[in-house]
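The next block holds one structure in the form of structure tokens; read it before the comments.
The values are calculated or read from the model by the stated rules, or taken from the named source; none is laboratory data. Just so it is clear, the structure is predicted and the values come from calculations on it, not from any experiment. The area values use the complete protein model at the heavy-atom level, side chains included, leaving out ligands, DNA and RNA. Shrake-Rupley method; radii C 1.70, N 1.55, O 1.52, S 1.80 Å.
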Amino acid sequence: AQSVTQLDSHVSVSEGTPVLLRCNYSSSYSPSLFWYVQHPNKGLQLLLKYTSAATLVKGINGFEAEFKKSETSFHLTKPSAHMSDAAEYFCVVSEGIQGAQKLVFGQGTRLTINP
Amino acid sequence: SQTIHQWPATLVQPVGSPLSLECTVEGTSNPNLYWYRQAAGRGLQLLFYSVGIGQISSEVPQNLSASRPQDRQFILSSKKLLLSDSGFYLCAWSGKGTGGVFGSGTQLSVL
């Protein structure tokens, strides 16, 4: 079974500074990986996805993530944090199940932006 | 474009009462449909998925059931709610090789 581990439950940065949210995955084959963002009491929005094309994936709102097979990592970064980035972020790996696609979620990282 | 609708947004129900949450998808046909639950302070857990009308697979044993009476309709139900059923429920759909597209969620409080 596939799994993801988000290494930090809470990250706090100052506005304008870089953001790094860490994620490691476990998969027996080449995985599909995603990052989702959830603002308070809202649904989930897809930030970006990796599906075995370019290892550096660019997403919305200036976020990007790099797939590193040797390190089994898929860390999410942003050069300069904005107040609106404050939210919960989920690293997700996709697992095929009988024609459907099971998304296995990490436990989430809460990102706080300090003014 | 594809859209997904989920309702109600919030729901407060007494223990032992029935539950029906509905999800519909527009702009696509034969989608894979999913129900996820998010307990407070935790990640999401897949409850049910469906690859077609009348085809329901359950990931975890629980007090809930799901049905897919139409191609783009997915319903989450319970005959008698438990306190432990409280949480944030999210419906999602996916095509092949894509991540899930999620609805806006239903916050269920069982009191």
Subject >> Of every Cα-Cα pair in segment B:3-110, the percent that sits beyond 22 Å >> reply: 24
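What's the long-distance tail for the protein assembly as shown, i.e. % of Cα pairs beyond 22 Å?
Details: 13143 of 25425 pairs.
The calculated P(r) of the protein assembly as shown puts 52 percent of pairs beyond 22 Å.
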**OP:** List the residues of segment B:42-77 that lose 50 Å² or more of accessible area once all protein chains are present, compared with their chain alone (1.4 Å probe, heavy atoms only, no ligands or nucleic acids).
**Re:** B:44, B:49
Original post:
GNM, chain A, Cα, under 10 Å: largest mean-square fluctuation among A:81, A:65, A:53?
Top reply: A:53
**OP:** Return an integer: the convex hull volume of the alpha-carbon atoms of chain A, in Å³ per residue.
**Re:** 101
